[in-house]
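Visitor: Input: one structure, supplied below.
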Amino acid sequence: MEQGSSVSPISRIGFIGNYLPRQCGIATFTTDLCEAVATEFPGATCIALPVNDIVAGYDYPSRVRFELTEKDIDSYRRAADFLNINNVDLVCLQHEYGIYGGRAGSHILALLRDLRMPIVTTFHTILRDPDPDQLRVLQEVAALSDRVVVMSQRGVGYLQEIYGVSPEKIDHIPHGIPDVPFVDSSFHKDLFGVEGKTVLLSFGLLSANKGIETVIAALPAILARHPNVVYIVVGATHPNVLRHDGETYRLSLQWLAQEKGVDGQVIFYNRFVSLEELIEFISAADIYITPYLTANQITSGTLAYTVGAGKAVISTPYWYAEEMLAEERGVLVPFRDPAALAAQVIDLLDNESKRHAMRKRAYLFGRAMIWPQVARRYMETFARARAERRHFAPSEFAVKPLDRRPAELPPLKLDHLRHMTDHTGMLQHAIFTVPNYAEGYTSDDNARALMVSALLEAVGNSEALELGSRYLAFIWYAFNAETGRFRNFMDYQRNWLEEIGSDDSHGRTLWALGTVLGRSNMPSMHSMAGKVFEQALPAILGTTSPRAWAFALMGIDEYLQRFAGDRLASQVRDELAGRLLTLYQNNRSENWLWFEDRLTYCNAALPHAMILCGHMMSNPVMTGAGLESLGWLAELQRSDGEGHPFVPIGSNGFYQRDGDRARFDQQPVEAQAMISACLEAHRATGDQRWRKEARRAFEWFLGRNDLNLPIYDPTTGGCRDGLHPDRLNENQGAESTLAFLQSLLELRLAESAFISKEVRTA
């Protein structure tokens, strides 16, 4: 069983869409959603990326971290870069055709295509009869999104039937609303000077499709029955309308009111009101009216607000209203029919009990729509998107197996290695590509770096001596002669944080020293490495970690290649190899061909050591144990998908016998260990299977992995710290970078040796 559900918490969310103080419904929604999620989940950092439709932009709050320019497609690509490098866990996109640049808002596609994290898109408009551009854009937005959200059941159906979106991908989450008490309308009327009046209300940004003229035309009949009625129209003219047509529509409404003789009963509040003011207006209303002129509106924030506040509502039958006002939560009237509208207003005012029953049904229905509830629903969708995240690169960008292009290994680039090395040694961690001084140094990483420097010498790199001497100097300083052990952790001020490091760091340091002694031709390195190796070797016998034994055995093997007569080294080898073999024999079963009851990290080091020792000690039992366990591990760390790419044991739980295997987080050191072990198995047996397994593991670095994303960064020569279920870990620390470089150098040396052998036997 695989532990596929181990998804790290969502700690950073980017919200894309218009944002207050820009005046539009999408801006209000995005702001409210972002704030609601931030309030309900204080452990998550919520940032906003709004779209500007004017050059000057807007006076945004601090939550806004990046501004897009509507018609500048490059700003969309820059926004994608910003989100990628800022370790955003998930992007929540508000989609509306009219707010993004390009044909049918197509500029947003440039942003979505470059994102490396899950995307959840809320569709605010879903057209029943889209034109070709509108159809294409929405379909691609949906395809690039891991999950999509709609606010109505009709929207769910349209996405499936018209746009071909899979139903498993769609979540129905209602429009969020403020949580307001169920109050008598008289309580707030004095705020607007309408005490004793019966208030009809419409609000929202004014444009010609709002149908306000229908209500004004109905007023004479309403006033004839209820002369104390006033009609309040709240909202500024829509900014886009204002730019193109000015206040023509509002003036036409005022002229109509005069013409009908009701101008004294129509009150215009010509401004964009705050949420607090809006709640007061809604609270003062006796009846709310949405007289839209057409049916094709899939959602309406204004209607959601008033239903949730428990208002009596009369609406024309646009799509969203049909759903919201079902089951007698409101009344529907035909489009552009003042007489029908007047009749329903009069009926509700004449029947107070009917009106109040309607209000109660609406209010209770709205409890599931308040923002805290909606925020939790969105977070569930976010979590689902991350858990389900699996990116598959288009075929033209798919990573080709190395056996189809054996010579095409990446070029050797040491920029990041140099960047992470100072006069003290190799720094441990990086924040993205910047060294993190706060985490200091470790002997573990400097040992890895020392091995890489020895491999650099083997391929003829001129920097090998300069780099290697720094790492060796660190290891010399790390050795504590009183304990015979290496200290591991050092802070940036060069203070040791412990007197005795871990067993594994001791074993790995012996591995590095043995590699220098066995491979390097630099006498200046030999003297120092030899002295420390000799003094530190006995202490490995007092360790209990099988990986420490394996690391030390690989170092001893390198050492004995040059100094075969060293009796102490041979004795230590024999003892440690015997321990590993006994572990394997005691733990092995028919379905569990392993040394322990658990797989953790650098697993392949154990069979690697067995193969080496079996060969050097002429012990076929050891060799057989190494090859058998490595073959079992290779099968285990292989995907069932096309091409069967390498899938390392995940560090988020590892793999306990009879338990669940963790799929993530995947670490570069696991790939490196597998590459080294398989190359050794190929040298020992000549079986081409092992050469292919080494290449398979190396391709994991290049992007042939669960997310089809490159772990290796060719721009820096560094390596990202691993693969999460839904994204890369963009930090490029010492361990990951050195794991890649060691793998690359070992593959280069192995390929060179293989080619030379072919030439000799040709």
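The values are calculated or read from the model by the stated rules, or taken from the named source; none is laboratory data. Bear in mind that the values here come from a model prediction, so they are computed numbers and not experimental data. Cβ atoms come from the backbone with ideal geometry, glycine included; neighbour counts cover every protein chain shown.
Visitor: If you check Thr424, Thr442, Thr433, Thr483, which single one turns out to be surrounded by 23 or more Cβ atoms within 10 Å (Cβ to Cβ) and among the β-branched types (Val, Ile, Thr)? Spell out the reasoning first.
Guide: Working: Thr424 fails: surrounded by 23 or more Cβ atoms within 10 Å (Cβ to Cβ); Thr433 fails: surrounded by 23 or more Cβ atoms within 10 Å (Cβ to Cβ); Thr483 fails: surrounded by 23 or more Cβ atoms within 10 Å (Cβ to Cβ).
Result: Thr442 is the single residue among Thr424, Thr442, Thr433, Thr483 that is surrounded by 23 or more Cβ atoms within 10 Å (Cβ to Cβ) and among the β-branched types (Val, Ile, Thr).
Visitor: Where in the range 402-489 are the helices (runs of 4 or more DSSP H), entirely inside, with at least 2 residues that are of a type in the set (Phe, Trp, Tyr)?
Guide: Working: elements: 415-419, 443-458, 464-478.
Qualifying helices (runs of 4 or more DSSP H): 464-478.
Visitor: One residue is enough: does the range 702-717 have a residue meeting the conditions buried (at least 23 other Cβ atoms within 10 Å of the Cβ), in contact (Cβ under 8 Å) with a residue 40 or more places away in the chain and of a type in the set (A, V, I, L, M)?
Guide: Looking for residues that are buried (at least 23 other Cβ atoms within 10 Å of the Cβ), in contact (Cβ under 8 Å) with a residue 40 or more places away in the chain and of a type in the set (A, V, I, L, M), one finds at least one in the range 702-717, hence yes.
Visitor: Additional query: Can you name the condition, by its number, that Asn480 falls short on among (1) within 16 Å of Gly507 (Cα to Cα); (2) touching a helix residue (DSSP H, G or I) at 6+ places or on another chain (Cβ under 8 Å)?
Guide: Asn480 satisfies every listed condition except (2).
Visitor: Looking only at residues in the range 491-534 that are under 25 Å from Pro435 (Cα atoms) and hydroxyl-bearing (Ser, Thr, Tyr), which one is farthest from the chain's Cα centre (by Cα)?
Guide: Thr509
Visitor: If you go through the range 149-169 one residue at a time, how many are within 16 Å of Thr381 (Cα to Cα), surrounded by 20 or more Cβ atoms within 10 Å (Cβ to Cβ) and of a type in the set (Val, Ile, Thr)?
Guide: Matching residues across the range 149-169 total 2.
Visitor: Given the structure, is Asp687 charged (D, E, K, R) and over 25 Å from Ser11 (Cβ atoms)? First the steps, then the outcome.
Guide: On the way: charged (D, E, K, R): yes; over 25 Å from Ser11 (Cβ atoms): yes.
Criteria met by Asp687.
Visitor: Residue check: is Ser743 modelled with pLDDT of 95 or more, touching a Phe, Trp or Tyr at 6+ places or on another chain (Cβ under 7 Å) and of a type in the set (Ser, Thr, Tyr)? Reasoning before the result, please.
Guide: Values: modelled with pLDDT of 95 or more: yes; touching a Phe, Trp or Tyr at 6+ places or on another chain (Cβ under 7 Å): yes; of a type in the set (Ser, Thr, Tyr): yes.
Here the answer is yes, as Ser743 does meet what is asked.
Visitor: Quick one: which of Tyr292, Tyr269, Tyr288 is among the hydroxyl-bearing types (Ser, Thr, Tyr), surrounded by fewer than 20 Cβ atoms within 10 Å (Cβ to Cβ) and within 25 Å of Ala27 (Cα to Cα)?
Guide: On the way: Tyr292 fails: surrounded by fewer than 20 Cβ atoms within 10 Å (Cβ to Cβ); Tyr288 fails: surrounded by fewer than 20 Cβ atoms within 10 Å (Cβ to Cβ).
Just a single option satisfies the conditions, and that option is Tyr269.
Visitor: Taking the conditions exactly as written (farther than 17 Å from Leu219 by Cβ and at pLDDT 90 or above), does Leu303 satisfy them or not? Working first, answer last.
Guide: Numbers: farther than 17 Å from Leu219 by Cβ: yes; at pLDDT 90 or above: yes.
Against the criterion (farther than 17 Å from Leu219 by Cβ and at pLDDT 90 or above), Leu303 qualifies.
Visitor: While we're looking at this one, here's another question. Identify all residues within the range 164-195 that are outside any helix (DSSP H, G or I) and closer than 21 Å to Glu323 by Cα; write none if there are none.
Guide: Step one: of the range 164-195, the residues outside any helix (DSSP H, G or I) are 164-166, 170-184, 193-195.
Ile170, Asp171, His172, Ile173, Pro174, His175, Gly176, Ile177, Pro178, Asp179 - these are the residues of the range 164-195 that are outside any helix (DSSP H, G or I) and closer than 21 Å to Glu323 by Cα.
Visitor: I'm trying to understand the selection: among the residues of the range 219-243, which are under 53 Å from the mean Cα position of the chain (by Cα) and in a helix (DSSP H, G or I)?
Guide: Initial filter on the range 219-243 (under 53 Å from the mean Cα position of the chain (by Cα)): 230-243.
Within the range 219-243, Pro239, Asn240, Val241, Leu242, Arg243 qualify.
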